[in-house]
1. Filter segment 142-186 down to residues that are within 18 Å of T205 (Cβ to Cβ) and charged (D, E, K, R) and give me whichever is surrounded by the most Cβ atoms within 10 Å (Cβ to Cβ).
2. Quick one: which strands (runs of 3 or more DSSP E) sit completely within segment 54-130 and have at least 1 residues that are in contact (Cβ under 8 Å) with a residue 40 or more places away in the chain and of a type in the set (V, I, T)?
3. Within segment 117-132, identify whether any single residue is farther than 30 Å from W165 by Cβ and surrounded by fewer than 12 Cβ atoms within 10 Å (Cβ to Cβ), and answer yes or no.
4. Working carefully through the options G226, G191, G169, find the one that is over 30 Å from T58 (Cβ atoms) and at pLDDT below 90.
5. Mind listing whichever residues of segment 143-193 are out of contact with any Phe, Trp or Tyr (no Cβ under 9 Å at 6 or more places or on another chain), within 30 Å of A53 (Cα to Cα) and free of Cβ contacts under 8 Å to residues at least 24 places away in the same chain?
Amino acid sequence: MQPGFQVHGRAPHPSHPWAGLGVLFWAVVILAAPRLFGAQCAPTFIAQPQWAASLVGTPSTFTAEVASDTAVGFQWLRGTPDSFIALGGQTNPTLTVVNSSHVSQFLYGVIASNSCGSVTSRFVGIQPYYPPALVSQPLSLKGRFATTALLAPVIDGSPVPQFQWFKEGVLLASATGNVLTLAALDYPNSGSYQLLASNAFGAVTSKPISLVVTGVYPSVVQRPQGATVVEGGAIVLKGLGQNLGKPGYSWIFT
């Protein structure tokens, strides 16, 4: 018989104090595996919320998408860069907000959380769009000859409107700003002006603006000179007046 070894023994009895340690060890390893081996645990964002732009009065939707090994909960936030509050009932991956001048003042973000932890998205907002609207304008304007006149209605709109001026209904080719500057005024500049403002969402035309170019008071630049004549003789008196328009004359005898 070849020499050899025989091992005699028995399996641990279930009641042995060390019997459950093996099972416990593997349970801990399985539960901790994601952390031990670098697997994902807390959610991570696949798609962040994006800035929105919409017409005032219409809805804008923010969406977030996350990757997670376990169930994820969401909580949307609203506020300013200094302070945010949780929006009650907004616990879905999407948030829909009706655009308004009030709403567009805020930023929006979302917290995604699971059993391992939480992560917060970036914060984004809404760019409100609305058609041009006339805020204020002059209805009439007087400008003195050779000075400068500014015609400046106030028109609001988003995106910023494009502008076009008209005089007596005729397009002024080079006048495409929100302010019309008329330098070195002359009498032909008198007339009725209007401004058309338009963007992708609408257009508005100002009311007619009446411009009247006025002159200055006339002045005498050459006074009549006296003369001596015999009785029954004739004399010619000559004077010269100056005005920015054509002056009128009348003689006075005293």
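1. Among residues in segment 142-186 that are within 18 Å of T205 (Cβ to Cβ) and charged (D, E, K, R), the one surrounded by the most Cβ atoms within 10 Å (Cβ to Cβ) is K167.
2. Strands (runs of 3 or more DSSP E) meeting the threshold: 65-67, 94-98, 107-113, 118-120.
3. Scanning segment 117-132, I find at least one residue that is farther than 30 Å from W165 by Cβ and surrounded by fewer than 12 Cβ atoms within 10 Å (Cβ to Cβ), so the answer is yes.
4. Of G226, G191, G169, the one residue that is over 30 Å from T58 (Cβ atoms) and at pLDDT below 90 is G226.
5. If the condition is that a residue be out of contact with any Phe, Trp or Tyr (no Cβ under 9 Å at 6 or more places or on another chain), within 30 Å of A53 (Cα to Cα) and free of Cβ contacts under 8 Å to residues at least 24 places away in the same chain, then V154 is the only one that fits.
The values are calculated or read from the model by the stated rules, or taken from the named source; none is laboratory data. Because the structure is a prediction, the values reported are computed rather than measured. Here the Cβ is made from the backbone with ideal geometry for all residues, glycine too, and neighbour counts use every protein chain on show.
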